[in-house]
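Reviewing the structure listed below.
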Amino acid sequence: MKRLLFFSVAALACCTALPAFAQSAVARLEATKGNATAGTITFTQKADKVLVEAKVSGLTPGGHGFHIHEKGDCSSGDGMSAGGHFNPTAKPHGNPGAPDHHSGDMPMLVADASGNASLSMELGAMSIGNGVTDIVGKAVIVHKDVDDYATQPTGNSGARVACGVIAKS
């Protein structure tokens, strides 16, 4: 009996010491009609934040609005089938560093002279795989222009140059 209890406790200790696997998701960007933008965005749940890592090419040099949109649909040639910004908590559009902003608001992508942009940042207004702020099944949109983080509800970011559906990986 003691031996069975020992092995049961040892097995329980072993299993609870193993790290939990992080939830992750990915979006593969495809250009909208008339554009050449492409890239990959990965999302990894890290406790109460999501690590967003982006590698995007085919942009014009400078800043580009970068958001999660409400529908996982990139079927239209202009990206409009992805709907508006993902905003399940009914917050105003804003800088993701500010207390109030859409769950889909992300930092601007800034492309270099060759049209390449990369980003790595942890964001707290979204989640992967559960809850009202779950981004799986939504779309990532890259916009033509800079996000002013003030104009409601979109930041005046202009046309959609790329779209990708977020899928659990």
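Residues that are in contact with a Leu (Cβ under 7 Å, 6 or more places away or on another chain) and in contact (Cβ under 8 Å) with a residue 60 or more places away in the chain, at least 3 per element: which strands (runs of 3 or more DSSP E) completely within segment 42-111 meet that? It would help to see each step written out before you state the result.
Working: elements: 49-57, 62-64, 66-69, 109-111.
It comes to 49-57.
With respect to Gly164, determine if the residue is part of a loop (DSSP other than H, G, I, E, B) and either in contact with a Leu (Cβ under 7 Å, 6 or more places away or on another chain) or not basic (Lys, Arg) (or both). Can you show your working first?
Values: part of a loop (DSSP other than H, G, I, E, B): no; either in contact with a Leu (Cβ under 7 Å, 6 or more places away or on another chain) or not basic (Lys, Arg) (or both): yes.
When the stated conditions are applied, Gly164 does not pass them.
Output the residues belonging to segment 99-126 that are out of contact with any Pro (no Cβ under 7 Å at 6 or more places or on another chain), over 12 Å from Pro88 (Cα atoms) and of a type outside the set (A, V, I, L, M).
Pro99, Ser114, Asn116, Ser118, Ser120, Glu122, Gly124
If a residue must be over 11 Å from the mean Cα position of the chain (by Cα) and either assigned to a loop (DSSP other than H, G, I, E, B) or within 17 Å of His101 (Cα to Cα) (or both), how many such residues does segment 138-148 contain?
Of the residues in that region, 5 qualify.
Going by the structure shown, is Pro153 part of a loop (DSSP other than H, G, I, E, B), touching a strand residue (DSSP E or B) at 6+ places or on another chain (Cβ under 8 Å), exposed (fewer than 15 other Cβ atoms within 10 Å of the Cβ) and at pLDDT below 95? I'd like the intermediate steps shown before the answer.
Values: part of a loop (DSSP other than H, G, I, E, B): yes; touching a strand residue (DSSP E or B) at 6+ places or on another chain (Cβ under 8 Å): yes; exposed (fewer than 15 other Cβ atoms within 10 Å of the Cβ): yes; at pLDDT below 95: yes.
Yes, satisfied.
Would you check which residues across segment 97-138 are of a type in the set (D, E, K, R) and farther than 13 Å from Asn87 by Cα and list them? Give the steps one after another, and end with the answer.
Residues of segment 97-138 that are of a type in the set (D, E, K, R), as a first pass: 100, 105, 112, 122, 134, 138.
Residues satisfying the conditions are Asp112, Glu122.
Those residues that are surrounded by fewer than 18 Cβ atoms within 10 Å (Cβ to Cβ) and of a type in the set (A, V, I, L, M), I need them from segment 39-79; list them, please.
If the condition is that a residue be surrounded by fewer than 18 Cβ atoms within 10 Å (Cβ to Cβ) and of a type in the set (A, V, I, L, M), then Ala47, Leu51 are the ones that fit.
Any idea how many residues of segment 108-132 are surrounded by fewer than 18 Cβ atoms within 10 Å (Cβ to Cβ), closer than 21 Å to Leu51 by Cα and of a type outside the set (D, E, K, R)?
Final tally of qualifying residues: 11.
The values are calculated or read from the model by the stated rules, or taken from the named source; none is laboratory data. Bear in mind the structure is a predicted one, so any value in this text is a computation, not a measurement. Methodologically, a virtual Cβ is constructed for each residue, glycine included, from the backbone with ideal geometry; neighbour enumeration extends over all protein chains shown.
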